[in-house]
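Accompanying notes for the structure given below.
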Amino acid sequence: MTVHIPDGLVDVPTAAAGAVVAAGGVAIAGRRTAARLKDRATTLPAVVSAYLLIGQLLVIPVGFGTSAHLIGTGLAVALVGPSIAIVCVATVVVLQALVLADGGVTAIGLNIVNDGIVPALVAYGVLCAVAPVVRHDHRRAPAAAGIAAALAALAAGLAAATELAVGGSDVVSPATVYAALGGSHVVVAGIEGALTAAIIAVILGLRPDYLSMPGLTRTTAASPATTVPQPVPRRSRDSDGSHATTPATSRGGRP
Amino acid sequence: MSSAHGAAERPGDRIDGPLTDLAPEVKVIALVAFLVVVALTPASRPGAYVVQLLVAIGAALLAFVPLGVLARRSVFELPVLAIAVVYAAFGHGPRVAVGPLSLSEPGLEVAVAVLAKATIGIVAVSAVAATTTATELVRGLRRLRFPVWFCDLVAVAARQVEVLREEAARVRLAASVRAGGRRRRDEWRAVVRSLGGLFVRSSERAERLTTAIALRSGSRGSSGGGLVVTADPRAAAAAAPGGEWLLALVPAALAGVALLTAVLVG
């Protein structure tokens, strides 16, 4: 069960408040993205948004006739940092709501808050907290990303539960809402964490320089794992020819 | 960027029908207005949902939405169903016996309302999505004064979804061939490997895209416009005529009449 709030589940004032918070948060994230990526400010987030949307279509059977898929906000934070992740999730939520009919149109703001802003900030906080451990041994990066993604998914569920408790029907007590959504998200968090850790491990083996996790340094980027030749665009505008999210750009400070 | 990506617009591929020629911003506003009225309808007046659902179905029929699409989208209601079950099972107040179960009466009422609203939403969005391409949708958002950078991002992302969808299918096939067996663990490994590989390919694609745009000097110009979206919302398309705006309010008005009637009669 994902945390997409449909139309009509939450009352109009709560949905409107969610839209205001989402608009503010995405505007800030957008400004930071533009400052960091310059002329890649559209292309990289657009491709990462498409990646997240497609990633949700790859479904894994978990038994009992149910299947799991990635939500991906925690993964996106580990891959491209929190600002770009928020911008990407906002794009994904808008496309899902208006083109795929997945998630409410009046609840777009709430869904951006639940799936984007809240989990991205939580994931980034966790990644920053464990950065010293990752810096010490880069092989711990997948586990760190997994923990961050799991806690992000839990936070997403709790955010949705809070909105439901505030703006949903009051026939059930807030405690029941938290128990139901929190409980189901413990399972979601476990799957999300395992998938994220495994995916980060794969990328760490292929192109570690494409990761933007706090604690991963340039030395990892040049580790023996990069036997794949670096595709340096000839006559590219940027002289270094490197990826927008190499640790060199992200490590210096907050992205 | 268009020719290279072939059928890049499939996520918003449109069906030509009576609603196709309405301006996209009109359709978006009509959709939001209609769904706000539906959201305002109280759970104690379930009769109104029937009328509102009929309005949504009418719009979907006018839009020629294939029934198969609606059926497939009903999976988005599964989480809502879970929430509805929680409401019915754990709601307070008097209990009623439904078969062998003892359910909360007000909880059941809310459960029906929540399911009805979600269904109406999915049908109504399908009517808009079926008659609007992603490109038109972006133009509509721009005319509704969404920021240029965001519209630009949604437009490029919508195209990239189609490109990556094909790439994902190839990567997934390669990964599952390599993972071999049919056991669940192999399935997991295949998905994880494809997602990892797909991100690397996506990042490379973002670089190629940036280079291609730079080569065609399509970077942000002095006008402040985006890669594919112009800065001036009025330049994007001719303004929607007033008649279209009136038409756009018809679904919301019908939903509102249903709501008022249900409240007054009920």
Of everything in segment B:133-147 that's facing chain A (nearest Cβ under 8 Å) and under 23 Å from B:Pro66 (Cβ atoms), which residue is surrounded by the fewest Cβ atoms within 10 Å (Cβ to Cβ)? B:Ala134
Residue, nearest to A:Ala41 (Cα to Cα), within segment B:107-141, restricted to residues that are at pLDDT 90 or above and of a type in the set (D, E, K, R): B:Lys117
On the given criteria, is A:Ala120 more than 24 Å from B:Ser126 (Cα to Cα), among the aliphatic types (A, V, I, L, M) and at pLDDT below 85? no
Might you let me know whether segment A:161-176 holds any residue that is surrounded by fewer than 21 Cβ atoms within 10 Å (Cβ to Cβ) and either more than 22 Å from B:Ala82 (Cβ to Cβ) or aromatic (Phe, Trp, Tyr) (or both)? no
Looking at segment A:55-91, which of the residues that are part of a loop (DSSP other than H, G, I, E, B) and within 11 Å of another protein chain (Cβ to nearest Cβ) is modelled with the lowest pLDDT? A:Val59
Condition first: buried (at least 17 other Cβ atoms within 10 Å of the Cβ), of a type in the set (A, V, I, L, M), facing another protein chain (nearest Cβ under 8 Å) and under 21 Å from the mean Cα position of the chain (by Cα). Now tell me which residues in segment B:33-88 satisfy that. B:Leu35, B:Val36, B:Val38, B:Ala39, B:Val80, B:Ile83
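Kindly evaluate A:Ser242 against the criterion of being modelled with pLDDT under 85, assigned to a helix (DSSP H, G or I) and surrounded by 15 or more Cβ atoms within 10 Å (Cβ to Cβ).
The answer is no for A:Ser242.
Being under 25 Å from the mean Cα position of the chain (by Cα) and assigned to a helix (DSSP H, G or I), is that true of even one residue in segment B:91-107? Walk me through it before giving the result.
Just the residues of segment B:91-107 that are under 25 Å from the mean Cα position of the chain (by Cα), to begin with: none.
No, segment B:91-107 has no match at all.
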Qualifying residues in segment A:4-49 (those that are within 27 Å of B:Ser203 (Cβ to Cβ) and part of a loop (DSSP other than H, G, I, E, B)) - the one nearest to the other protein chains (Cβ to nearest Cβ): A:Thr42
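Residue-by-condition table, conditions (1) more than 13 Å from A:Pro214 (Cα to Cα); (2) of a type in the set (A, V, I, L, M, F, W, C); (3) free of Cβ contacts under 8 Å to residues at least 12 places away in the same chain:
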residue	(1), (2), (3)
A:Thr42	yes, no, yes
A:Val47	yes, yes, yes
A:Leu58	yes, yes, no
A:Val89	yes, yes, no
A:Gly104	yes, no, no
A:Asn111	yes, no, no
A:Leu127	no, yes, no
Scan of segment B:153-178 for residues that are within 7 Å of another protein chain (Cβ to nearest Cβ) and surrounded by fewer than 22 Cβ atoms within 10 Å (Cβ to Cβ), ordered by number: B:Arg165, B:Arg172
In segment B:103-119, what count of residues is obtained for those that are β-branched (Val, Ile, Thr) and either free of Cβ contacts under 8 Å to residues at least 60 places away in the same chain or facing chain A (nearest Cβ under 7 Å) (or both)? 2
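The values are calculated or read from the model by the stated rules, or taken from the named source; none is laboratory data. Keep in mind that this is a model prediction, so the values were computed, not measured. Ideal geometry is used to build each Cβ from the backbone, glycine not excepted, and the neighbour counts take in all protein chains shown.
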